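**Student:** One structure, pasted below without further comment.
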Amino acid sequence: MLTISPIPAFSDNYIWHLEREGEHWVVDPGDAAPVLEALRGAPLAGILITHHHLDHIGGVAELVKQHQCPVYGPASIEGVTHPLQDGDEFLLMGAAVKVLAVPGHTLDHLALLLEEPGGEHSPHLFCGDTLFAGGCGRLFEGTPKQMYGSLSKLSELPPETQVYCAHEYTRANLRFAAEAEPGNAVLQNRVNQVDSLRAEGKPTVPSTIGEELATNPFLRCHIPAVARRAADHGAAENSDEVEVFATLRQWKDNF
């Protein structure tokens, strides 16, 4: 059985730890120390990287030094031994992994969709800093059109897809979401659930694509109520979805 668990790092990062029958992989290890602690002396079989920011790759060199393991990720990142690009597929612990280019947060950003054989389990999406629970990443390198295209690509995945983002930003994201779409009752229920989880010190992720489609304003730019709120914050009347998205992202940047 595949298990996926978060390894907390820094103040709000999650390094995802995949394990099956004693084989261990990690996603976006920004720091080696918590990974080594989680491994408890077990060998690390490999590393998966979504993008080049230091809080996602800072621990790679030390982990490779200690475990001599392969590194899969964008070709632009030093130390990657298995460069990936959009459309690539490979096997990981008996599961198929599909590579999706999702530029916007960075230009080299990839998402990794892991699907176990047999169809009995939900797909697992490791999306780095592109799609967050209740939000999305800042546009450090890409354009609103690129980021909205990337989010649209992810929104087409099956609704049961488990979404493993890389930060515990959910409460802050949902506070903004409630301002962007105050009449969304499903969103308000999610706010209450997330508040309860954080009060108990529990992670709020993974979420699902279906949950994001119902509550994440950055995936709901086609909803008239969200577009109206974007218009309140500078979007032109009758803006297209990319313009609504761009206004929401700028609003969130200063929220």
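The values are calculated or read from the model by the stated rules, or taken from the named source; none is laboratory data. Remember, predicted model here, so these are calculated numbers, not experimental data. Cβ placement follows ideal geometry from the backbone for every residue including glycine, while neighbour counts extend to all protein chains displayed. Calculation scope for accessible area: heavy atoms of the full protein, side chains included, ligands and nucleic acids excluded. Shrake-Rupley method; radii C 1.70, N 1.55, O 1.52, S 1.80 Å.
**Student:** Restrict the search to segment 1-97; then list the trypsin sites (Lys or Arg not before Pro) that DSSP places in a loop and that have at most 12 other Cβ atoms within 10 Å of their Cβ.
**Tutor:** Numbers: sites: Arg20, Arg40, Lys65; in loops: Arg40.
Here the trypsin sites (Lys or Arg not before Pro) that fit, given the DSSP loop and packing criteria, are Arg40.
**Student:** Taking only Cα atoms of segment 1-100, what ratio of Rg to Rh do you get with Rh as the Kirkwood inverse-distance radius? Numbers along the way, then the final one.
**Tutor:** Values: Rg = 12.6 Å, Rh = 13.5 Å.
When Rh is taken as the Kirkwood radius, the ratio is 0.93.
**Student:** Sticking with this structure for a sec: Please list, in chain and number order, the residues 5+ apart from Phe132 or on another chain whose amide H is under 5 Å from its amide H, with Hs placed from the backbone.
**Tutor:** Gly137
**Student:** At a 1.4 Å probe radius, which order do Met147, Met1, Met93 fall into by accessible area, largest first?
**Tutor:** On the way: Met147 0, Met1 170, Met93 25 Å².
Greatest to least solvent exposure: Met1, Met93, Met147.
**Student:** Quick one: 3J(HN,Hα) in Hz for segment 204-218, Karplus 6.51/-1.76/1.60 with θ = phi - 60°, rounded, Gly and Pro as x.
**Tutor:** 9, 10, x, 9, 10, 4, x, 5, 5, 4, 7, 9, 8, x, 6
**Student:** At a probe size of 1.4 Å, how large is the accessible area of His82, to the nearest 10 Å²?
**Tutor:** His82 exposes around 80 Å² with every protein chain in place.
**Student:** I've got another one for you. Probe of 1.4 angstrom, ligands and nucleic acids ignored: what's the accessible area per residue over the chain, in square angstrom? Working shown, then result.
**Tutor:** Working: 11380 Å² over 255 residues.
Using a 1.4 Å probe on heavy atoms only, each residue of the chain averages 45 Å².
**Student:** Within the chain, what whole-number % of the accessible surface is contributed by carbon and sulfur, with the 1.4 Å probe and all protein chains included in the calculation? Could the numbers behind the result be given before it?
**Tutor:** On the way: 5760 of 11380 Å².
Answer for the chain: carbon and sulfur cover 51 percent of the accessible area.
**Student:** Shifting gears a bit: Give me D for the chain in µm² s⁻¹, whole number, from Stokes-Einstein with Rh from the Kirkwood sum over alpha-carbon pairs, 37 °C and 0.692 mPa s. Intermediate values should be presented prior to the final figure.
**Tutor:** Working: Rh = 18.6 Å.
My calculation gives 176 µm²/s for D.
**Student:** Place the peptides 115-126, 243-254 in order of packing, highest mean first, counting for every residue the other Cβ atoms within 10 Å and averaging per peptide. Could the numbers behind the result be given before it?
**Tutor:** On the way: 115-126: 15.6, 243-254: 20.0.
Put in order of decreasing packing, that is 243-254, 115-126.
**Student:** Using modelled amide H (1.01 Å from N, peptide plane; none on Pro or chain starts), what sits under 5 Å from the amide H of Gly59, excluding residues fewer than 5 places away?
**Tutor:** Long-range HN contacts for Gly59: Gly30, Asp31, Ala32.
**Student:** Could you sort Arg138, Arg198 by their accessible area in this structure, using a 1.4 Å probe and putting the largest first? Walk me through the numbers before you get to the answer.
**Tutor:** Working: Arg138 105, Arg198 80 Å².
If we order Arg138, Arg198 from most to least accessible, we get Arg138, Arg198.
**Student:** Per-residue accessible area for Asp108 at 1.4 Å probe radius, Å² rounded to 10?
**Tutor:** Surface open to solvent at Asp108 totals about 30 Å².
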